[in-house]
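**Q** Sharing a structure, written as structure tokens. Questions coming.
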């Protein structure tokens with residue numbers, strides 16, 4: 001067991017591409033935690049999707065042994081937290097598991113909105129924060145200006161920030177010393193007190209089953225201990241206990257202040273709840289650690305197989321993924337248009353995309369993803385209240401008293417020159433400006449926005465109007481009443497339920513027009529003309545007509561061409577199978593999402 | 001027992017793979033070479049005719065077609081040698097049609113007399129356009145005036161003369177085509193092939209189009225309008241369409257091409273030739289898609305590199321649909337079902353009837369003029385899975 005004053009637990013807060021993973025790699029490497037030959041870039045990001053997107057989805061941890069300049073040996077535990085807003089709760093738990101943070105900021109780019117959100121989470125967790133300016137070796141680096149910006153925007157002293165280049169290794173020894181000298185050891189912790197261990201994260205390992213990442217607050221956890229999860233009351237026997245270096249290394253016990261993993265014959269990740277308190281079955285703690293929240297999906301969409309014969313494969317894929325992701329919910333859905341599929345709930349859009357990518361890649365199933373929807377609260381005339389997860393389930397409007405929708409508080413940091421575009425975008429999305437301040441040449445705008453205007457393509461639009469210079473973060477702000485209606489889309493006079501969306505009444509015409517125009521381009525011409533309409537109830541609010549195909553014929557076809565032409569026609573026929581048929585109309589799978597994208 | 005192919009008849013296709021120049025829109029098996037040993041080629045083609053005809057002895061031959069390439073580059077003696085071979089094992093129909101594709105230039109027109117003496121009784125001239133500027137753009141070596149002269153010579157030499165035009169060309173307007181087609185109809189005998197320009201993979205036009213350098217081609221709507229205009233003008237001139245791109249005075253249709261479209265049997269001889277032959281009750285697809293030199297060698301050494309593949313009943317039904325729906329008469333439903341008895345096209349046909357794209361009579365189904373314009377989409381609906 002390591003004495004408390006020789007332990008330093010910390011996380012790294014950084015914006016994507018500001019060098020978090022590279023710094024982590026460098027710390028691991030310079031302390032010889034991993035043999036040189038085993039080094040690979042971004043050691044901690046284990047999933048392909050994480051490496052590809054440069055994001056962290058699961059918390060990762062590594063234990064580093066370090067002999068400081070004072071001659072003493074320290075144990076440094078780094079928790080690499082997910083950085084994305086979708087995983088805000090998971091981030092907050094990881095932050096509660098450590099006492100300090102390195103705030104890594106690109107010395108030429110400066111502070112971004114996402115950094116801001118995470119650094120506030122760190123401050124809420126009472127972290128000591130050490131600013132680290134990365135990429136100081138680049139010609140565009142302006143460490144003094146960025147240090148000032150950190151002081152202005154975040155309000156912490158950045159005068160003794162570490163100046164480093166994680167890429168070349170400049171300044172890494174200073175960072176290690178700062179961790180030891182400037183970050184506090186775990187505040188308290190009694191090895192003999194009843195066990196209180198926070199469940200920081202968990203995941204499924206093909207060989208070991210469910211692996212649980214824990215931080216011991218009080219007490220001591222040993223192999224063979226009988227433990228209990230305080231939220232779920234599930235009981236297990238610990239069969240392995242260890243730390244990450246970053247590969248697993250078994251230890252005999254974990255004491256207060258330490259971070260490590262356990263395995264305990266837990267069948268499903270679903271059985272473990274992030275933020276739960278683990279204690280001993282007998283003589284356990286009576287009070288759980290504060291701050292636990294069950295995970296709540298905020299964005300819903302339908303996932304349907306393009307080939308309806310793959311429904312069972314999809315079911316299997318979704319069930320397997322759900323075993324490993326407690327925050328992902330699903331239920332079977334039947335769409336008149338798309339047949340059998342699943343209505344799935346996600347923590348946010350990134351989470352949605354990650355799950356969708358994994359189904360498509362790991363299970364090889366082509367998916368139709370329907371319009372993402374948020375949860376609306378429906379207050380009916382009879383006094384009952386319902387949650388609406390799917391516009392297709394909207395009850396008869398005459399029975400509805402009013403509707404409420406979720407709102408968010410969005411923080412956007414943007415260079416001055418793009419401010420006008422950002423304000424326009426937020427106004428167009430029914431935003432209410434809450435704040436506008438300047439930090440140097442950058443503006444920070446805070447908007448109250450409806451979540452349903454953001455879930456879909458807000459972030460893409462923001463990136464495109466600001467050429468990628470804006471950064472964005474949000475927090476949920478509760479529900480508010482508004483004039484919301486269900487807009488249906490009719491293709492060839494048949495409603496296509498998978499294209500129904502909830503929209504604000506004042507914006508319905510505009511959205512409807514945009515959608516029917518998009519669909520006119522997305523649906524290929526058929527042998528007959530196809531009306532495409534947007535409607536609220538029985539009232540058509542926008543209409544386009546896709547004219548009939550006029551010419552599709554091979555001019556010349558003689559004896560020698562029969563075989564060749566047959567191949568072409570078979571290809572044409574196969575191409576139709578990539579589409580879904582609605583009445584007599586074939587709609588390509590990408591249309592369901594593309595139709596919703598707004599170009600302005 | 002009668003075999004299915006007999007409903008379509010039997011013909012011989014001879015492929016001459018050489019051209020003086022490769023046209024930028026052409027994706028056929030054609031080659032430009034400096035020297036051609038006509039005697040060797042004559043003997044090799046004749047040997048192949050003998051080989052194939054010995055497999056189908058006694059058949060009634062309705063038609064022979066010399067295609068290319070540019071068969072008018074053959075010497076009349078070469079043509080005569082091949083025709084001779086075709087008489088050994090087959091019986092010629094009394095009214096056998098023997099067609100040769102010809103370039104309408106003066107050099108080749110000088111051989112017309114010789115071709116007629118060798119037995120050719122019909123020519124199809126690749127005039128392509130009556131406008132010099134467009135002929136140059138199409139990479140043709142003749143002028144409109146030369147074409148007119150070659151046509152006159154052909155008219156005086158052969159019983160039947162047809163010519164080809166390509167329309168929906170770069171920068172062509174509906175009016176331009178109306179005038180040009182009217183001139184063509186005034187000049188025509190009893191048969192015209194009118195093709196819309198299509199840019200095929202593997203042609204110079206394809207590369208140009210991909211490089212963004214093939215401008216001014218008509219869009220779908222203009223092309224469709226041009227097609228409709230063509231149907232109107234030709235119909236009014238007494239030469240209605242009998243196939244997607246072919247027009248004739250009634251009774252003057254190309255018998256050879258009707259063998260393809262009515263899904264008969266045809267023997268294909270030469271390096272780019274394809275055949276459909278029913279042997280022992282089984283229909284085969286044959287092809288010898290080879291470089292001319294390699295083909296010549298394989299015939300001379302007797303190695304016989306021909307590729308034969310059996311056509312399943314489903315393949316046959318697909319091919320019959322694909323070919324048969326090109327002609328205005330359509331296809332014989334009883335024949336189709338006899339070919340492949342588990343086809344169920346009724347609901348699809350009903351739908352296409354409702355859209356005015358098809359017609360159905362007591363014993364046939366076919367495609368209307370409106371349907372012909374979207375024939376690929378119609379066929380894609382009807383093809384068996």
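The values are calculated or read from the model by the stated rules, or taken from the named source; none is laboratory data. Computed from a predicted model, the values in this text were never measured in an experiment. Neighbour counts are summed over all protein chains in view; Cβ atoms, including those assigned to glycine, are modelled from backbone coordinates with ideal geometry.
**Q** Please give the number of the condition residue B:216 fails out of (1) part of a loop (DSSP other than H, G, I, E, B); (2) without any contact (Cβ under 8 Å) to a residue 40 or more places away in the chain.
**A** Exception for residue B:216: condition (2).
**Q** Can you pull out every residue in region B:308-345 that is away from chain A (no Cβ under 14 Å), buried (at least 17 other Cβ atoms within 10 Å of the Cβ) and under 30 Å from residue B:193 (Cα atoms)?
**A** B:330, B:331, B:332, B:333, B:335, B:336
**Q** Let me ask you something else. Can you go through B:178, B:145 and tell me which one is in the same structural domain as residue B:103 (by TED's automatic domain parsing), out of contact with any strand residue (DSSP E or B) (no Cβ under 9 Å at 6 or more places or on another chain) and exposed (fewer than 14 other Cβ atoms within 10 Å of the Cβ)?
**A** None of the other options fit; the residue is B:145.
**Q** Sticking with this one: Give the residues of region B:231-241 that are touching a residue at least 60 places away in the same chain (Cβ under 8 Å) and crowded, with 22+ Cβ neighbours inside 10 Å, sorted by residue number.
**A** Once the filter is applied, which keeps residues that are touching a residue at least 60 places away in the same chain (Cβ under 8 Å) and crowded, with 22+ Cβ neighbours inside 10 Å, region B:231-241 yields nothing.
**Q** Could you list, in sequence order, the residues of region B:219-230 that are within 8 Å of chain A (Cβ to nearest Cβ) and either on the phi > 0 side of the Ramachandran plot or free of Cβ contacts under 8 Å to residues at least 24 places away in the same chain (or both)?
**A** B:220, B:221 - these are the residues of region B:219-230 that are within 8 Å of chain A (Cβ to nearest Cβ) and either on the phi > 0 side of the Ramachandran plot or free of Cβ contacts under 8 Å to residues at least 24 places away in the same chain (or both).
**Q** Within the bounds of region A:494-505, is there any residue that is surrounded by fewer than 15 Cβ atoms within 10 Å (Cβ to Cβ), touching a residue at least 40 places away in the same chain (Cβ under 8 Å), farther than 30 Å from residue B:69 by Cβ and more than 11 Å from chain B (Cβ to nearest Cβ)?
**A** yes
**Q** Do we have any residue at all in region B:186-197 that's in a loop (DSSP other than H, G, I, E, B) and within 30 Å of residue A:548 (Cα to Cα)?
**A** yes
**Q** Of the residues that sit in region A:506-537 and are touching a helix residue (DSSP H, G or I) at 6+ places or on another chain (Cβ under 7 Å) and over 26 Å from residue B:377 (Cβ atoms), which one is nearest to the other protein chains (Cβ to nearest Cβ)?
**A** Out of the qualifying residues, it is A:534.
**Q** Oh, and also: Please verify whether region B:247-266 includes one or more residues that are surrounded by 17 or more Cβ atoms within 10 Å (Cβ to Cβ), over 15 Å from residue B:326 (Cα atoms) and not assigned by TED's automatic domain parsing to the domain that holds residue B:90.
**A** Taking every residue of region B:247-266 in turn, at least one turns out to be surrounded by 17 or more Cβ atoms within 10 Å (Cβ to Cβ), over 15 Å from residue B:326 (Cα atoms) and not assigned by TED's automatic domain parsing to the domain that holds residue B:90.
**Q** So, one more: Within region B:91-108, which residues are within 18 Å of residue B:144 (Cβ to Cβ) and either in contact with a strand residue (DSSP E or B) (Cβ under 8 Å, 6 or more places away or on another chain) or in contact (Cβ under 8 Å) with a residue 60 or more places away in the chain (or both)?
**A** B:102, B:103, B:104, B:108
**Q** Within region B:170-185, is even one residue within 14 Å of another protein chain (Cβ to nearest Cβ) and outside any helix (DSSP H, G or I)?
**A** Checked against the condition, which is being within 14 Å of another protein chain (Cβ to nearest Cβ) and outside any helix (DSSP H, G or I), region B:170-185 yields no hits at all.
**Q** Filter region B:269-284 down to the residues that are surrounded by fewer than 20 Cβ atoms within 10 Å (Cβ to Cβ) and closer than 18 Å to residue B:49 by Cα, then identify the one that is farthest from the other protein chains (Cβ to nearest Cβ).
**A** Once the filter is applied, the top-ranked residue is B:279.
**Q** Working only within region A:509-520, note down all residues that are under 15 Å from residue A:595 (Cβ atoms) and free of Cβ contacts under 8 Å to residues at least 60 places away in the same chain.
**A** Listed by number, the residues that qualify are A:510, A:512, A:513, A:516, A:517, A:520.
**Q** Moving to a separate point now. Looking at region A:542-600, which of its residues are more than 14 Å from chain B (Cβ to nearest Cβ) and either assigned to a strand (DSSP E or B) or within 30 Å of residue B:254 (Cα to Cα) (or both)?
**A** Of everything in region A:542-600, those that are more than 14 Å from chain B (Cβ to nearest Cβ) and either assigned to a strand (DSSP E or B) or within 30 Å of residue B:254 (Cα to Cα) (or both) turn out to be A:542, A:543, A:544, A:545, A:580, A:582, A:587, A:588.
**Q** Scan region A:194-250 residue by residue and report those that are assigned to a loop (DSSP other than H, G, I, E, B) and under 19 Å from residue A:77 (Cβ atoms).
**A** Matches in region A:194-250: A:195, A:219, A:220, A:245, A:246, A:247.
**Q** Please find, within region B:346-376, the residue that is nearest to residue A:561 (Cα to Cα) out of those that are buried (at least 18 other Cβ atoms within 10 Å of the Cβ) and away from chain A (no Cβ under 14 Å).
**A** B:366
**Q** All but one of (1) in contact with a helix residue (DSSP H, G or I) (Cβ under 7 Å, 6 or more places away or on another chain); (2) modelled with pLDDT under 95; (3) surrounded by fewer than 18 Cβ atoms within 10 Å (Cβ to Cβ) hold for residue B:202; state the number of the condition that does not hold.
**A** Condition not satisfied by residue B:202: (1).
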